[in-house]
Amino acid sequence: MIAHLRGKLIAKSPNQVIVEAGGVGYELTISIPTFSEMPAQHNEVALHVYTHVREDALALFGFLRRDEKQLFEKLLSVSGIGPKLAITILSGMATGAMVAAIRGNDVAALTRIPGIGKKTAERMVLELRDKLDQFAAAPTQPAASPIEEDVISALVNLGYQRTAVERALSKAVSGNGARSFDILFRDVLASVSK
């Protein structure tokens, strides 16, 4: 089993990286948060690795932060969630926010993640609610105003990742107070388009 990998980052894309270690290139599937925190190509990177073995495939899943790997492993324990869906789930919501949603029985927040329906979200809450003690409580974020929710919805519908949009929105809103939808939409769009 490969549990940790340190080497030179050869290639990266939003869902996978290739890391060269000891002259061998390892292809790892990654989440969007891991991709966002990756160093530039040809720099050294260290990843926590989950090795998934099936009779017809050997797949590696990489994580920069140990807590993300641990949550990934917890998600795999839920019936109906495999490694690919678990990576999609981690890409759709920040680790702390997901832990808070599961602990708080917030099925509506979980169903906003692409690929997660109501039944899967309910299973996640039921099966994981009492198994997340090792994760620190997420800092509570103030609820988004209706205008902010409209901006998030519009940009997600245009194909942008919800986590990236929320991050850009919090930067755009901080210190500037209430603004109209048009101005806020343009500012956030400019930020996520970079």
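The values are calculated or read from the model by the stated rules, or taken from the named source; none is laboratory data. As the structure is a computational prediction, the values presented were derived from the model and not from experiment. All Cβ positions, even for glycine, are placed from backbone atoms using ideal geometry, and neighbour counts span all protein chains on display. Side chains included, ligands, DNA and RNA excluded: accessible areas come from the protein's heavy atoms. Shrake-Rupley method; radii C 1.70, N 1.55, O 1.52, S 1.80 Å.
Across region 73-123, Cα pairs under 8 Å and at least six residues apart give a relative contact order of 34 percent. Glu166 contributes an accessible area of around 70 Å² to the protein surface, as traced by a 1.4 Å probe with all chains present. Site pair Arg167 and Ile10 shows an inter-label distance of 2.6 nm when each label is modelled 7 Å from Cα along Cα→Cβ. Charges were assigned to the Cβ only: +1 to each Lys and Arg, -1 to each Asp and Glu. The resulting dipole of the chain about its Cα centre is roughly 40 debye. Using a probe of 1.4 Å, the accessible surface attributed to Phe72 totals some 0 Å² when neighbouring protein chains are kept in position. The lysines within cross-link reach of Lys12, meaning a Cα-to-Cα straight distance under 24 Å and a gap of 8 or more places when in the same chain, are Lys69, Lys84, Lys194. Of Asp106, Asp182, Asp133, the residue with the greatest mean-square motion in the GNM of the chain, using alpha carbon springs below 10 Å, is Asp182.
Pairs of Cα atoms nearer than 8 Å and 6+ residues apart set the relative contact order; for the chain it is 13 percent. Computed in the context of the full set of protein chains, the accessible area of the chain at 1.4 Å probe radius has 52% of its extent on carbon or sulfur. Distances between placed amide hydrogens fall under 5 Å for Tyr26 paired with Val19, Glu20, Ala21, all partners being 5 or more residues away or on another chain.
Using heavy atoms of the protein chains and a probe of 1.4 Å, the accessible area assigned to Val156 is about 50 Å².
The label-point distance for Val24 and Ser191, in a model that sets each label 7 Å from Cα toward Cβ, rounds to 4.3 nm. Once the chain from Arg65 to Ile2 is taken as fully extended at 0.36 nm per residue, the excess over their C-alpha distance is 21.1 nm. Derived scalar couplings between HN and Hα for region 96-104 equal x, 5, 5, 4, 5, 5, 5, 5, x Hz in order, rounded to whole Hz, by the Karplus curve 6.51 cos²θ - 1.76 cosθ + 1.60 (θ = phi - 60°), x for Gly and Pro.
Here's the picture: charge each Lys and Arg Cβ at +1 and each Asp and Glu Cβ at -1 in region 1-83, and of Ser36, Phe61, Thr51 the one pushed furthest to the positive end of that dipole is Ser36. Computed from phi, the 3J(HN,Hα) profile of region 188-194 under the Karplus parametrisation 6.51, -1.76, 1.60 (θ = phi - 60°) reads 5, 4, 4, 5, 7, 7, 5 Hz, with x in place of Gly and Pro.
At a probe radius of 1.4 angstrom, the accessible area of the chain per residue rounds to 55 square angstrom.
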